[in-house]
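Below is one structure, written out as structure tokens, with a few remarks after it.
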Amino acid sequence: MKRIVIALALALTAAPPAVAQDSAAHAASTQHRAARRLGLPAEAVNVTPAAWNGRAVIFADYLAGPQDEAERQLVMLPEQGNGAPVSVTIGEQEGGSPDIAAIGFANADRDAAKELIVILAWHIRHYDVSGTLYDIRVLDDWKPGQTALVPVKATERLFDHYACDCGRRDGPDQVAKVKTIAAVKQVLKRAGY
């Protein structure tokens, strides 16, 4: 009897196979479409579909430039149609290329539209220090016709530029206080947004 109850509980909590397959197929299709629109191989592009201020968009990131100097490019594409990519931000070299650690949305100015939050993370490993270096970028909402997103200047003072979550060989470890979307939202809320 106990086995039946456990099996029933597992069956109720598991996603139906068709739904899981549909989700995986949609993600692969989104990645292929984004890569094709950017003129890149599918395996070179990471995608994050999202709904931003009522628009279905795809955030796509990829490395560009020579291997030792490659920078992380983050662009936004409309989910439907063939609109030109909108430049979101560039993750510059800091001893390596960053990863996109998180993408989210919150109000960070006085208008009704939500702004884009991008958290970049560089994994560093040096003789004296190792860990993760974070940078928070808050970008104003996109308006039709824009080819690049613009940072929200008022928020730059709220976040440390390149906060380190690092261990040090000689000296105390550092802890980055803001490294998640939830933490960014808390800072924005305390600032009155």
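The values are calculated or read from the model by the stated rules, or taken from the named source; none is laboratory data. On a predicted model such as this, the values are computed, not experimentally measured, just so you know. Here the Cβ is made from the backbone with ideal geometry for all residues, glycine too, and neighbour counts use every protein chain on show. These accessible areas exclude ligands, DNA and RNA; they are computed on the full protein's heavy atoms, side chains included. Shrake-Rupley method; radii C 1.70, N 1.55, O 1.52, S 1.80 Å.
For the residues 50, 34, the requirement of being part of a strand (DSSP E or B), modelled with pLDDT of 85 or more and surrounded by 10 or more Cβ atoms within 10 Å (Cβ to Cβ) singles out 50.
Counting just the residues of segment 146-155 that are open to solvent by less than 70 Å² (accessible area, probe 1.4 Å) and not β-branched (Val, Ile, Thr), which one comes out farthest from residue 117 (Cα to Cα)? Among residues in segment 146-155 that are open to solvent by less than 70 Å² (accessible area, probe 1.4 Å) and not β-branched (Val, Ile, Thr), the one farthest from residue 117 (Cα to Cα) is 146. Might you let me know whether segment 103-125 holds any residue that is crowded, with 18+ Cβ neighbours inside 10 Å, in contact (Cβ under 8 Å) with a residue 24 or more places away in the chain and over 23 Å from residue 184 (Cβ atoms)? No, there is no match, as no residue in segment 103-125 is crowded, with 18+ Cβ neighbours inside 10 Å, in contact (Cβ under 8 Å) with a residue 24 or more places away in the chain and over 23 Å from residue 184 (Cβ atoms).
The residue that is surrounded by the fewest Cβ atoms within 10 Å (Cβ to Cβ), among those in segment 156-186 that are of a type in the set (Val, Ile, Thr) and within 16 Å of residue 103 (Cα to Cα), is 180. Look at segment 54-67: where a residue is assigned to a loop (DSSP other than H, G, I, E, B) and a partner is open to solvent by 40 Å² or more (accessible area, probe 1.4 Å), sitting 6+ places away or on another chain with Cβ atoms under 7 Å, you get 65/71. Would segment 99-112 turn up any residue that is over 21 Å from residue 56 (Cα atoms) and touching a helix residue (DSSP H, G or I) at 6+ places or on another chain (Cβ under 7 Å)? Taking every residue of segment 99-112 in turn, at least one turns out to be over 21 Å from residue 56 (Cα atoms) and touching a helix residue (DSSP H, G or I) at 6+ places or on another chain (Cβ under 7 Å).
Out of curiosity, is residue 102 out of contact with any Leu (no Cβ under 8 Å at 6 or more places or on another chain), under 28 Å from residue 157 (Cα atoms) and part of a strand (DSSP E or B)? Step through it out loud before you land on a result.
Working: out of contact with any Leu (no Cβ under 8 Å at 6 or more places or on another chain): yes; under 28 Å from residue 157 (Cα atoms): yes; part of a strand (DSSP E or B): yes.
Against the criterion (out of contact with any Leu (no Cβ under 8 Å at 6 or more places or on another chain), under 28 Å from residue 157 (Cα atoms) and part of a strand (DSSP E or B)), residue 102 qualifies.
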